[in-house]
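Reviewing the structure listed below.
Quick note: the coordinates plus some simple rules give every number you see, no bench work behind them. Values in this document were obtained by computation on a predicted structure and should not be read as measured data. Quick reminder, even Gly has a Cβ in these numbers, built from the backbone with ideal geometry, and neighbours come from all protein chains shown.
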Amino acid sequence: MPEFFPSKPRIGISACLLWQKVRYDGGDKRDRFLTDIFGLYVEWIPVCPEVEVGMGIPRKPVRLVGNPTDPRMIAER
């Protein structure tokens, strides 16, 4: 860590990008640039909103639709 940083900045990030298997299909979407390069300079705060609201793994895919300021989340049946 370069000396001019007193501490690493904390940044929220989708947990699946950090190799956590929280995606709807039980997989991840690891991004090696984020984990291996950029991760040297920041402290990641992993979040997965779907898991945090109690959705299971695996689960049906969901997507946001409608007005961007008031979206609705829908899942396949």
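How about the range 46-60: which of its residues are under 15 Å from the mean Cα position of the chain (by Cα), under 25 Å from Glu76 (Cα atoms) and not charged (D, E, K, R)?
If the condition is that a residue be under 15 Å from the mean Cα position of the chain (by Cα), under 25 Å from Glu76 (Cα atoms) and not charged (D, E, K, R), then Val47, Cys48, Pro49, Val51, Val53, Met55, Ile57 are the ones that fit.
Collect the residues in the range 27-77 that are touching a residue at least 24 places away in the same chain (Cβ under 8 Å), among the hydrophobic types (A, V, I, L, M, F, W, C) and out of contact with any Phe, Trp or Tyr (no Cβ under 8 Å at 6 or more places or on another chain), keeping them in residue-number order.
Step one: filter the range 27-77 for residues touching a residue at least 24 places away in the same chain (Cβ under 8 Å), giving 40-48, 50-51, 57-62.
Restricting the remaining residues to those that are among the hydrophobic types (A, V, I, L, M, F, W, C) gives 40, 42, 44-45, 47-48, 51, 57, 62.
Result: Leu40, Val42, Trp44, Ile45, Val47, Cys48, Val51.
Identify the residue in the range 15-27 that is touching a helix residue (DSSP H, G or I) at 6+ places or on another chain (Cβ under 7 Å) and more than 10 Å from Ile57 (Cβ to Cβ) and, among all such residues, is surrounded by the fewest Cβ atoms within 10 Å (Cβ to Cβ).
Taking the range 15-27 first, the residues touching a helix residue (DSSP H, G or I) at 6+ places or on another chain (Cβ under 7 Å) are 17-19, 22-23.
When the remaining residues are screened for being more than 10 Å from Ile57 (Cβ to Cβ), the result is 17-19.
Numbers: Leu17: 16, Leu18: 18, Trp19: 14.
Only one residue tops the list, namely Trp19.
Can you confirm whether the range 3-14 contains a residue that is loosely packed, with under 10 Cβ neighbours inside 10 Å and among the polar types (S, T, N, Q)?
Yes; the residues of the range 3-14 include at least one that is loosely packed, with under 10 Cβ neighbours inside 10 Å and among the polar types (S, T, N, Q).
Could you pull out the residue among Leu40, Leu17 that is touching a strand residue (DSSP E or B) at 6+ places or on another chain (Cβ under 9 Å) and among the aliphatic types (A, V, I, L, M)? Before the answer, list the steps.
Numbers: Leu40 fails: touching a strand residue (DSSP E or B) at 6+ places or on another chain (Cβ under 9 Å).
That would be Leu17, the only listed residue that is touching a strand residue (DSSP E or B) at 6+ places or on another chain (Cβ under 9 Å) and among the aliphatic types (A, V, I, L, M).
Residues checked against (1) assigned to a loop (DSSP other than H, G, I, E, B); (2) under 12 Å from the mean Cα position of the chain (by Cα); (3) more than 20 Å from Met73 (Cβ to Cβ):
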| residue | (1), (2), (3) |
| --- | --- |
| Pro6 | yes, no, yes |
| Ile11 | no, yes, yes |
| Lys21 | yes, yes, yes |
| Arg30 | yes, yes, yes |
| Leu34 | no, yes, yes |
| Phe38 | no, no, yes |
| Trp44 | no, yes, yes |
